[in-house]
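Chemist: Below is one structure. I have some questions about it.
Each reported figure results from applying straightforward, stated rules to the coordinates on display, with no laboratory input. Quantities reported herein were computed from a predicted structural model and do not represent experimental measurements. Here the Cβ positions follow ideal geometry from the backbone for every residue, glycine too, while neighbour counts run over all protein chains shown.
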Ligand SMILES: *Cc1c(COP(=O)(O)O)cnc(C)c1O
């Protein structure tokens, strides 16, 4: 007669199970083995306390749930059915094929990252994309760092440490994820001088605040909110002129950073980097993975003498951008410079899919599901997201699911537990999956997930 502990199947029965062993490549055999061991140890403990030992198949199910959860903790692709194109939780902009190829080609071997090929000696990584960026922004010089928050920190640390920075009360932004302008200013050792009111700030407010200790006038783009009604802000061209007149710098945290006029994609016009440079702003900071549609990065464009000073700041070393990002960024910028290829940037391609096309895909998807599935084609509204164009709704289409035998929260959980996970929006008692952010080849994956889940 076996003791309860002896009835527990051996570890190798689990680790040699093909479904369990499939996790070896995802998590590593050692991790899979310790997961099995943990489940069996827990069972052994409970058996000693008098619980009957579960059979192999039950224990195997427990192991599989844990492995799937462990896999979900690692970085994996998800199907973004939220309709939010630049969702920060989902990694913002998807990258163009060309950008991925470039990162792969560059990453698999050595590169001239910090080597000047014409002189045969040390070079600068920051030179690798500077010509492209200058062409696109019309700025004298540019610098790429880890993200826009780093770009703002570097500018403030370089030019405003121990000095004053004048900001309009209507522009004291919080972007989310811990980026609050007053906090970044404090961290850089600058003193914030607020001027104007929440809804109205005039040039005279800035003028009255400037003194010998003022380093710069900071203009921020109200990325993720809009102040409506009776409002006034000082336009960039006026702010730039005022800064020049008072011998201080004009710095703009443009955030979303459009490089082209978004009106061509049916979106409202967003100030482009080139427009702000043309307005006379000395330095403009923006993100690489928002409206630009590239990898996470922060770009500073502006006066060459100021960019040269930024390069001398030791802080730059801690904020520097890596080679894979530079490869992907350079390749994405290349698509802008070859205007026929702008649609290769997924953000623009996804924006341009017509609602009729999305409805058609939604109908095709529903037709693949078992008859009487509680799934309907519906019109939806997508959004740009990622702290850009907060008021803009993008007409879109998708599917609405009203599960009959369980709650919509349970459906959401089941879909998140799929691999790849599917994330949608819950509206009332319905789950909406917007097709705007799905590549057409993801429709079949979604259809399969739904037929397994409903
Ligand atoms: C998004 C944003 C930031 C932060 O950019 P990251 O690239 O996420 O660091 C800063 N300022 C503004 C105005 C933004 O919109």
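Chemist: First measure r as the distance between the Cβ atoms of residue 402 and residue 356, then evaluate 1/(1 + (r/R0)^6) with R0 = 22 Å and state the FRET efficiency to the nearest 0.05.
Modeler: Between residue 402 and residue 356 the formula returns 0.35.
Chemist: Between residue 41 and residue 410, what FRET efficiency follows from the Cβ-Cβ distance if R0 is 41 Å, with the result rounded to 0.05?
Modeler: 0.85
Chemist: Principal axis extents for segment 363-454, Cα atoms only, whole Å, descending order, please.
Modeler: Projected onto the principal axes, the Cα atoms of segment 363-454 cover 38, 26, 24 Å.
Chemist: Counting only DSSP beta bridges with both residues in segment 215-341, tell me the antiparallel percent, nearest 5.
Modeler: Roughly 35 percent of the DSSP beta bridges within segment 215-341 come out antiparallel.
Chemist: Can you give me the Kirkwood hydrodynamic radius for segment 55-116, using every pair of distinct Cα atoms, in Å to one decimal?
Modeler: 15.8
Chemist: Residue separation times 0.36 nm, minus the C-alpha to C-alpha distance between residue 269 and residue 52: what's the value?
Modeler: 71.4 nm
Chemist: Follow-up. If one takes the longest principal axis of the Cα atoms in the chain, at what angle in degrees, from 0 to 90 and to the nearest 10, does the Cα axis of helix 442-453 lie?
Modeler: Value to nearest ten degrees: 40.
Chemist: Given the DSSP H assignment, sum -39500 (n - 2.57) over each helix run of at least 4 residues in the chain and divide by its residue total; what's the result at 222 nm in deg cm²/dmol, nearest 500?
Modeler: -11500 deg cm²/dmol
Chemist: So, one more: Rounded to two decimals, what is the ratio between the C-alpha radius of gyration of segment 408-454 and 2.2 N^0.38 Å?
Modeler: Scaled against compact globular proteins, the figure is 1.07.
Chemist: Evaluate the distance, in nm, between pseudo-label points positioned 7 Å from the Cα of residue 246 and of residue 232 along their respective Cα→Cβ axes.
Modeler: Here the modelled spin labels are 1.6 nm apart.
Chemist: May I ask what percent, to the nearest 5, of DSSP beta bridges between residues of the chain are antiparallel? Intermediate values should be presented prior to the final figure.
Modeler: Numbers: 31 of 54 bridges.
Looking only at bridges with both residues in the chain, the antiparallel portion is about 55 percent.
Chemist: Another one. Working only with C-alpha atoms, what are the Rg and Dmax values of segment 171-317, expressed in angstrom?
Modeler: 15.4, 46
Chemist: If you take the beta carbon distance between residue 116 and residue 305 as r and set R0 to 25 Å, what does 1/(1 + (r/R0)^6) give as a FRET efficiency, to the nearest 0.05?
Modeler: Rounded to the nearest 0.05, the efficiency is 0.70.
Chemist: Across 10 Å bins from 0, what is the distribution of all Cα-Cα pair distances for the chain, in whole percents?
Modeler: Here the calculated profile for the chain is 4, 17, 23, 21, 17, 11, 5, 2, 0, 0.
Chemist: For segment 42-86, compute Rh as the Kirkwood radius over C-alpha pairs and then the Stokes-Einstein diffusion coefficient at 20 °C and 1.002 mPa s; write the answer in µm²/s, rounded to an integer.
Modeler: Calculated translational D: 159 µm²/s.
Chemist: Using alpha-carbon positions, what is the distance between the centroids of segment 31-104 and segment 108-183, in Å?
Modeler: Measuring centre to centre over Cα atoms gives 36 Å.
Chemist: Also, quick follow-up: Counting each pair of different Cα atoms once, what's the Kirkwood radius of segment 68-204 in Å, rounded to one decimal? Could the numbers behind the result be given before it?
Modeler: On the way: mean 1/r = 0.0518 Å⁻¹.
Hydrodynamic radius (Kirkwood, Cα pairs) of segment 68-204 is 19.3 Å.
Chemist: Right, here's the next one. Which of 225, 23 comes first, and how do the rest follow, when ranked by fewest Cβ neighbours within 10 Å?
Modeler: Fewest to most other Cβ atoms nearby, the residues stand as 225, 23.
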